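Read the structure below first, then the notes.
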Amino acid sequence: MGESMKLRARVAAPIKDVHHALTDAKALRTWLAEHAEVQLPYRYEFWGRDTPEGDVPHQRLIHADDRTLRFSWLLDSTDTTVEICLDEEGQDSTILTLSQTNLPGWEDIVAETSTLSLVYPYWALAIANLIDYLVGRELTPRCDVTSPRMREQVLIDASPQAVYDSLVDPETFTKWFGAKVEIEPYIGGRWSMGGFDRDPSPAKIVELEPGRTVSIAWDEGLVASWELAESGGKTRLTFIQSGFDERRPPYGAWLGWLGGIAGLRRFHELSDWRPVWLEVYLEGMPEGLLAIG
(Lines give C-alpha, C1' and ligand atoms only; values in the text may rest on other atoms or scores of the structure.)
Protein backbone atom coordinates (compact mmCIF):
# COMPACT_ATOMS: atom_id res chain seq x y z
CA MET A 1 0.00 0.00 0.00
CA GLY A 2 1.92 3.03 -1.26
CA GLU A 3 1.88 6.61 -0.11
CA SER A 4 -0.54 8.93 -1.86
CA MET A 5 0.76 11.95 0.03
CA LYS A 6 3.92 12.87 1.89
CA LEU A 7 4.63 16.15 3.68
CA ARG A 8 7.99 16.94 5.23
CA ALA A 9 8.49 20.06 7.33
CA ARG A 10 11.02 21.63 9.68
CA VAL A 11 9.75 22.30 13.20
CA ALA A 12 11.73 24.71 15.39
CA ALA A 13 11.41 22.67 18.58
CA PRO A 14 13.15 19.71 20.26
CA ILE A 15 11.91 16.30 19.22
CA LYS A 16 10.48 15.55 22.68
CA ASP A 17 8.34 18.70 22.54
CA VAL A 18 7.03 17.83 19.08
CA HIS A 19 6.20 14.29 20.23
CA HIS A 20 4.33 15.66 23.25
CA ALA A 21 2.30 18.05 21.09
CA LEU A 22 1.37 15.13 18.83
CA THR A 23 0.33 12.78 21.63
CA ASP A 24 -1.12 14.98 24.38
CA ALA A 25 -4.89 15.33 24.13
CA LYS A 26 -4.95 18.87 25.52
CA ALA A 27 -2.33 19.99 23.00
CA LEU A 28 -4.20 18.32 20.14
CA ARG A 29 -7.38 20.15 21.12
CA THR A 30 -5.43 23.41 20.76
CA TRP A 31 -3.73 23.01 17.39
CA LEU A 32 -5.49 20.13 15.59
CA ALA A 33 -9.12 19.44 16.43
CA GLU A 34 -12.10 20.46 18.51
CA HIS A 35 -12.02 17.13 20.37
CA ALA A 36 -9.20 14.66 21.02
CA GLU A 37 -8.63 11.66 23.28
CA VAL A 38 -5.30 9.86 23.63
CA GLN A 39 -4.31 6.83 25.66
CA LEU A 40 -1.12 5.34 24.27
CA PRO A 41 -0.59 2.66 23.09
CA TYR A 42 -4.32 1.93 22.75
CA ARG A 43 -6.19 5.03 21.66
CA TYR A 44 -5.57 8.02 19.40
CA GLU A 45 -8.67 9.89 18.27
CA PHE A 46 -9.63 13.39 17.12
CA TRP A 47 -12.90 14.74 15.79
CA GLY A 48 -15.20 17.76 15.74
CA ARG A 49 -16.36 20.59 13.50
CA ASP A 50 -12.88 21.22 12.08
CA THR A 51 -12.15 17.57 11.15
CA PRO A 52 -13.36 15.96 7.90
CA GLU A 53 -16.28 13.62 8.73
CA GLY A 54 -15.71 14.69 12.32
CA ASP A 55 -19.12 13.83 13.77
CA VAL A 56 -17.44 10.92 15.57
CA PRO A 57 -13.80 9.75 15.74
CA HIS A 58 -12.72 7.49 12.86
CA GLN A 59 -9.11 6.74 13.87
CA ARG A 60 -7.63 3.48 15.16
CA LEU A 61 -4.12 3.50 16.64
CA ILE A 62 -1.73 1.01 15.03
CA HIS A 63 1.66 1.92 16.50
CA ALA A 64 3.24 4.57 18.71
CA ASP A 65 6.75 5.07 20.03
CA ASP A 66 9.04 8.02 20.79
CA ARG A 67 9.46 8.92 17.11
CA THR A 68 6.62 7.30 15.19
CA LEU A 69 2.85 7.51 15.25
CA ARG A 70 0.75 5.35 12.93
CA PHE A 71 -3.03 5.12 12.82
CA SER A 72 -5.80 4.20 10.43
CA TRP A 73 -8.35 6.87 9.52
CA LEU A 74 -11.59 5.77 7.88
CA LEU A 75 -12.79 8.48 5.50
CA ASP A 76 -15.44 8.25 2.81
CA SER A 77 -15.70 4.50 3.56
CA THR A 78 -12.01 4.19 2.64
CA ASP A 79 -9.45 2.85 5.10
CA THR A 80 -6.38 5.12 4.97
CA THR A 81 -3.21 4.93 7.03
CA VAL A 82 -1.47 7.99 8.45
CA GLU A 83 2.14 7.79 9.61
CA ILE A 84 3.99 10.62 11.34
CA CYS A 85 7.75 10.24 11.82
CA LEU A 86 10.10 12.54 13.74
CA ASP A 87 13.83 12.93 13.11
CA GLU A 88 16.14 15.11 15.15
CA GLU A 89 17.82 17.78 13.03
CA GLY A 90 19.45 19.56 15.95
CA GLN A 91 18.95 20.30 19.61
CA ASP A 92 16.05 22.64 18.85
CA SER A 93 14.97 21.47 15.42
CA THR A 94 12.92 18.46 14.30
CA ILE A 95 12.04 17.15 10.85
CA LEU A 96 8.44 15.94 10.74
CA THR A 97 7.30 13.63 7.94
CA LEU A 98 3.62 12.83 7.51
CA SER A 99 2.35 10.36 4.93
CA GLN A 100 -1.08 8.98 4.16
CA THR A 101 -2.27 6.17 1.89
CA ASN A 102 -5.30 5.62 -0.34
CA LEU A 103 -5.95 9.25 -1.23
CA PRO A 104 -7.20 10.51 -4.61
CA GLY A 105 -4.92 12.00 -7.24
CA TRP A 106 -4.25 15.68 -7.86
CA GLU A 107 -7.15 16.27 -10.28
CA ASP A 108 -9.67 14.87 -7.80
CA ILE A 109 -8.16 16.98 -5.01
CA VAL A 110 -8.61 20.15 -7.07
CA ALA A 111 -12.16 19.14 -8.06
CA GLU A 112 -12.99 18.22 -4.43
CA THR A 113 -14.73 15.02 -5.51
CA SER A 114 -14.93 13.52 -2.01
CA THR A 115 -14.02 14.01 1.64
CA LEU A 116 -10.66 12.39 0.85
CA SER A 117 -9.88 15.42 -1.34
CA LEU A 118 -9.68 17.56 1.81
CA VAL A 119 -6.92 15.57 3.49
CA TYR A 120 -3.92 17.31 1.92
CA PRO A 121 -4.94 20.93 2.74
CA TYR A 122 -6.23 19.74 6.14
CA TRP A 123 -2.81 18.39 7.13
CA ALA A 124 -0.95 21.33 5.58
CA LEU A 125 -2.89 23.76 7.80
CA ALA A 126 -2.60 21.45 10.82
CA ILE A 127 1.19 21.19 10.52
CA ALA A 128 1.46 24.99 10.11
CA ASN A 129 -0.51 25.38 13.35
CA LEU A 130 1.57 22.73 15.11
CA ILE A 131 4.73 24.66 14.20
CA ASP A 132 3.28 27.92 15.53
CA TYR A 133 1.89 26.22 18.66
CA LEU A 134 5.32 24.89 19.58
CA VAL A 135 6.92 28.34 19.50
CA GLY A 136 4.02 30.10 21.24
CA ARG A 137 2.65 31.98 18.25
CA GLU A 138 -1.03 32.72 17.72
CA LEU A 139 -2.62 30.01 15.60
CA THR A 140 -4.36 30.44 12.26
CA PRO A 141 -8.13 29.77 12.38
CA ARG A 142 -9.19 26.25 11.44
CA CYS A 143 -11.89 25.38 8.91
CA ASP A 144 -15.37 24.55 10.23
CA VAL A 145 -16.49 21.81 7.81
CA THR A 146 -20.04 21.98 9.17
CA SER A 147 -20.63 25.59 8.08
CA PRO A 148 -20.63 27.41 4.72
CA ARG A 149 -19.22 30.55 6.41
CA MET A 150 -15.84 31.36 4.89
CA ARG A 151 -14.70 34.58 6.49
CA GLU A 152 -11.79 34.89 8.93
CA GLN A 153 -9.76 37.69 10.45
CA VAL A 154 -6.13 37.65 11.59
CA LEU A 155 -3.69 40.28 12.83
CA ILE A 156 -0.35 40.52 11.03
CA ASP A 157 2.59 42.38 12.55
CA ALA A 158 3.34 44.45 9.43
CA SER A 159 1.93 47.55 7.75
CA PRO A 160 -1.06 47.26 5.40
CA GLN A 161 1.12 48.43 2.51
CA ALA A 162 3.72 45.71 3.19
CA VAL A 163 1.03 43.03 3.33
CA TYR A 164 -0.61 44.41 0.19
CA ASP A 165 2.71 44.37 -1.67
CA SER A 166 3.17 40.69 -0.78
CA LEU A 167 -0.25 39.93 -2.24
CA VAL A 168 0.31 41.56 -5.64
CA ASP A 169 3.99 40.82 -6.32
CA PRO A 170 4.15 37.33 -7.86
CA GLU A 171 7.68 36.56 -6.66
CA THR A 172 6.84 37.45 -3.07
CA PHE A 173 3.48 35.65 -3.17
CA THR A 174 5.25 32.52 -4.41
CA LYS A 175 7.71 32.69 -1.50
CA TRP A 176 5.21 32.76 1.34
CA PHE A 177 2.56 30.59 -0.30
CA GLY A 178 4.96 27.89 -1.47
CA ALA A 179 3.43 27.50 -4.94
CA LYS A 180 4.17 29.27 -8.19
CA VAL A 181 1.83 32.23 -8.71
CA GLU A 182 1.68 34.61 -11.67
CA ILE A 183 -0.10 37.94 -11.27
CA GLU A 184 -0.93 40.88 -13.51
CA PRO A 185 -1.46 43.51 -10.78
CA TYR A 186 -4.22 45.63 -12.26
CA ILE A 187 -8.00 45.37 -12.44
CA GLY A 188 -8.83 42.89 -15.17
CA GLY A 189 -5.37 41.35 -14.95
CA ARG A 190 -4.88 37.61 -14.81
CA TRP A 191 -4.09 35.66 -11.62
CA SER A 192 -2.93 32.05 -11.82
CA MET A 193 -1.58 29.46 -9.47
CA GLY A 194 0.88 27.35 -11.41
CA GLY A 195 1.45 29.87 -14.21
CA PHE A 196 -0.45 31.23 -17.18
CA ASP A 197 1.07 28.64 -19.52
CA ARG A 198 -0.69 25.77 -17.72
CA ASP A 199 -3.92 27.54 -16.75
CA PRO A 200 -6.41 28.01 -19.63
CA SER A 201 -8.91 29.82 -17.36
CA PRO A 202 -6.99 31.99 -14.90
CA ALA A 203 -8.77 34.08 -12.31
CA LYS A 204 -9.15 37.81 -12.91
CA ILE A 205 -8.40 40.64 -10.53
CA VAL A 206 -11.74 42.37 -9.94
CA GLU A 207 -10.79 44.74 -7.13
CA LEU A 208 -7.46 46.36 -6.32
CA GLU A 209 -6.86 49.25 -3.94
CA PRO A 210 -3.25 49.75 -2.81
CA GLY A 211 -2.82 49.05 0.87
CA ARG A 212 -6.49 48.12 1.29
CA THR A 213 -8.06 45.46 -0.93
CA VAL A 214 -7.31 42.66 -3.37
CA SER A 215 -10.09 40.50 -4.88
CA ILE A 216 -9.81 37.79 -7.52
CA ALA A 217 -12.64 35.91 -9.25
CA TRP A 218 -12.85 32.71 -11.28
CA ASP A 219 -15.21 32.04 -14.19
CA GLU A 220 -17.37 29.70 -12.11
CA GLY A 221 -18.12 32.55 -9.69
CA LEU A 222 -15.76 31.83 -6.79
CA VAL A 223 -14.22 35.00 -5.34
CA ALA A 224 -11.29 35.35 -2.91
CA SER A 225 -10.86 38.71 -1.18
CA TRP A 226 -8.20 40.16 1.10
CA GLU A 227 -9.29 43.26 3.02
CA LEU A 228 -6.59 45.17 4.92
CA ALA A 229 -6.93 47.72 7.69
CA GLU A 230 -4.42 49.39 10.01
CA SER A 231 -4.76 48.29 13.63
CA GLY A 232 -2.33 49.59 16.24
CA GLY A 233 0.63 49.57 13.90
CA LYS A 234 -0.31 46.14 12.53
CA THR A 235 -2.63 44.90 9.79
CA ARG A 236 -6.03 43.42 10.42
CA LEU A 237 -6.52 41.05 7.48
CA THR A 238 -10.05 39.91 6.70
CA PHE A 239 -10.07 37.05 4.20
CA ILE A 240 -13.32 36.04 2.52
CA GLN A 241 -14.23 33.28 0.07
CA SER A 242 -17.60 33.82 -1.60
CA GLY A 243 -19.60 33.15 -4.75
CA PHE A 244 -19.98 29.39 -4.17
CA ASP A 245 -22.93 27.02 -3.87
CA GLU A 246 -23.57 26.88 -0.11
CA ARG A 247 -24.99 23.38 -0.52
CA ARG A 248 -21.48 22.26 -1.51
CA PRO A 249 -18.93 24.59 0.11
CA PRO A 250 -15.39 24.40 -1.33
CA TYR A 251 -13.76 23.36 1.94
CA GLY A 252 -10.56 22.18 0.22
CA ALA A 253 -9.93 25.60 -1.30
CA TRP A 254 -10.74 27.28 2.04
CA LEU A 255 -8.34 24.99 3.91
CA GLY A 256 -5.67 25.76 1.33
CA TRP A 257 -6.14 29.51 1.72
CA LEU A 258 -6.03 29.26 5.52
CA GLY A 259 -2.76 27.35 5.25
CA GLY A 260 -1.53 30.13 3.00
CA ILE A 261 -2.50 32.77 5.58
CA ALA A 262 -0.38 30.90 8.13
CA GLY A 263 2.54 31.25 5.72
CA LEU A 264 1.79 34.93 5.08
CA ARG A 265 1.83 35.67 8.81
CA ARG A 266 5.14 33.87 9.32
CA PHE A 267 6.68 35.63 6.31
CA HIS A 268 5.98 39.07 7.75
CA GLU A 269 6.52 38.36 11.42
CA LEU A 270 9.67 36.24 11.63
CA SER A 271 12.98 38.06 11.20
CA ASP A 272 14.70 34.76 10.37
CA TRP A 273 11.92 33.58 8.04
CA ARG A 274 12.51 30.59 5.84
CA PRO A 275 10.04 28.11 4.30
CA VAL A 276 9.02 25.34 6.69
CA TRP A 277 8.20 22.87 3.91
CA LEU A 278 11.04 20.64 2.77
CA GLU A 279 9.03 18.25 0.60
CA VAL A 280 5.46 17.92 -0.64
CA TYR A 281 4.47 14.86 -2.65
CA LEU A 282 0.96 14.43 -4.00
CA GLU A 283 0.20 11.76 -6.55
CA GLY A 284 -0.33 13.38 -9.95
CA MET A 285 0.64 16.91 -8.94
CA PRO A 286 1.97 18.84 -11.97
CA GLU A 287 5.71 19.27 -11.99
CA GLY A 288 6.88 22.79 -11.17
CA LEU A 289 3.71 23.84 -9.37
CA LEU A 290 5.32 24.09 -5.94
CA ALA A 291 8.14 26.38 -4.85
CA ILE A 292 9.47 24.89 -1.62
CA GLY A 293 12.68 23.80 0.04
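Segment residue 155..residue 207, full-extension length gain: 16.6 nm, with 0.36 nm per residue of separation and the alpha-carbon distance subtracted. Accessible area of residue 49 (1.4 Å probe, protein heavy atoms only, ligands and nucleic acids ignored): about 130 Å². Solvent-accessible area of segment 1-130 (1.4 angstrom probe, protein heavy atoms only): carbon and sulfur portion equals 45 percent.
Per residue, the solvent-accessible area of segment 195-293 (1.4 Å probe, heavy atoms of protein chains only, all protein chains present) comes to 49 Å².
Charges were assigned to the Cβ only: +1 to each Lys and Arg, -1 to each Asp and Glu. The resulting dipole of segment 30-153 about its Cα centre is roughly 240 debye. The gain in end-to-end length when the residue 281 to residue 107 segment is fully stretched comes to 61.2 nm, 0.36 nm per residue minus the alpha carbon separation.
Near residue 71, once Lys and Arg are set to +1 and Asp and Glu to -1 for all other residues with Cβ below 12 Å from its Cβ, the sum equals 0. Using only the alpha-carbon atoms, how far is helix 251-269 inclined from the longest principal axis of the chain? Give it as 0 to 90 degrees, nearest 10. So the helix axis and the longest Cα principal axis differ by about 80 degrees. Ranking 231, 168, 264 by Cα position along the charge dipole of segment 166-293, where only Lys, Arg, Asp and Glu carry charges on their C-beta atoms, puts 231 farthest toward the positive end.
On the basis of the beta-carbon distance and an R0 of 22 Å, residue 138 and residue 222 show a calculated FRET efficiency of 0.20. Taken over segment 1-108, the alpha-carbon convex hull comes to 110 cubic angstrom per residue. The long axis of helix 119-134 is offset from the longest Cα principal axis of the chain by roughly 80 degrees.
The computed Rg/Rh (Cα atoms, Kirkwood Rh) for the structure shown corresponds, within (1) 1.04; (2) 0.98; (3) 0.95, to (3). In a DSSP loop and with at most 15 other Cβ atoms within 10 Å, the trypsin sites (Lys or Arg not before Pro) in segment 220-293 are 247. A simple count of charges around residue 154, restricted to other residues whose Cβ falls under 9 Å of its Cβ and scoring Lys, Arg +1 and Asp, Glu -1, yields 0.
The values are calculated or read from the model by the stated rules, or taken from the named source; none is laboratory data. Quick caveat: nothing in here was measured; it's all calculated off a predicted structure. Here Cβ is always computed from backbone atoms with ideal geometry, including for glycine, and neighbour counts include all displayed protein chains. The accessibility values were calculated without ligands, DNA or RNA, using every heavy atom of the protein model including side chains. Shrake-Rupley method; radii C 1.70, N 1.55, O 1.52, S 1.80 Å.
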